[in-house]
Amino acid sequence: MKSYLVVWFSSEGGTPSEVNTRLTAMGFQAMQGAYDYVYDWGSNASLDDILQIGDRVQLTLKGLDVTFKIETVGGN
């Protein structure tokens, strides 16, 4: 399974490089295309796992004035 992340920035918020530093420290990898970051679970993740990583992203990006969308695909 993989979780994809799209991040929207504000000119009044944190810099893209700061967001990148924080997300890559969580295990996300930056990518180009329709999504900005991907998290590879390596196997199936439960709904609780997905919610927990969403909570972690929110806490990690808190105060940077960014908005994000997370989409997880590939599970059975």
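The values are calculated or read from the model by the stated rules, or taken from the named source; none is laboratory data. Remember, predicted model here, so these are calculated numbers, not experimental data. Cβ: placed from backbone, ideal geometry, glycine included. Neighbour counts: every protein chain shown.
Summary table
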read-out	value
Matching residues in the stretch 32-63 - criterion: being more than 28 Å from S10 (Cα to Cα) and loosely packed, with under 14 Cβ neighbours inside 10 Å	G42, S43, N44, S46, L47, D48
Count of residues meeting criterion [surrounded by 11 or more Cβ atoms within 10 Å (Cβ to Cβ) and not in a loop (DSSP other than H, G, I, E, B)] in the stretch 14-28	8
Search result, residues across the stretch 3-13 that are part of a loop (DSSP other than H, G, I, E, B) and in contact (Cβ under 8 Å) with a residue 24 or more places away in the chain	F9, S10, E12, G13
Any pair with Cβ under 6 angstrom, 6 or more apart, that starts in the stretch 47-67 at a residue that is within 13 Å of M26 (Cβ to Cβ) and ends at one that is β-branched (V, I, T) and modelled with pLDDT of 95 or more	G54/I70
Among (1) modelled with pLDDT under 95; (2) buried (at least 17 other Cβ atoms within 10 Å of the Cβ), the one test that S11 misses	(2)
Test: residue in the stretch 66-76 that is exposed (fewer than 13 other Cβ atoms within 10 Å of the Cβ), among the aliphatic types (A, V, I, L, M) and either modelled with pLDDT of 95 or more or assigned to a strand (DSSP E or B) (or both)	yes
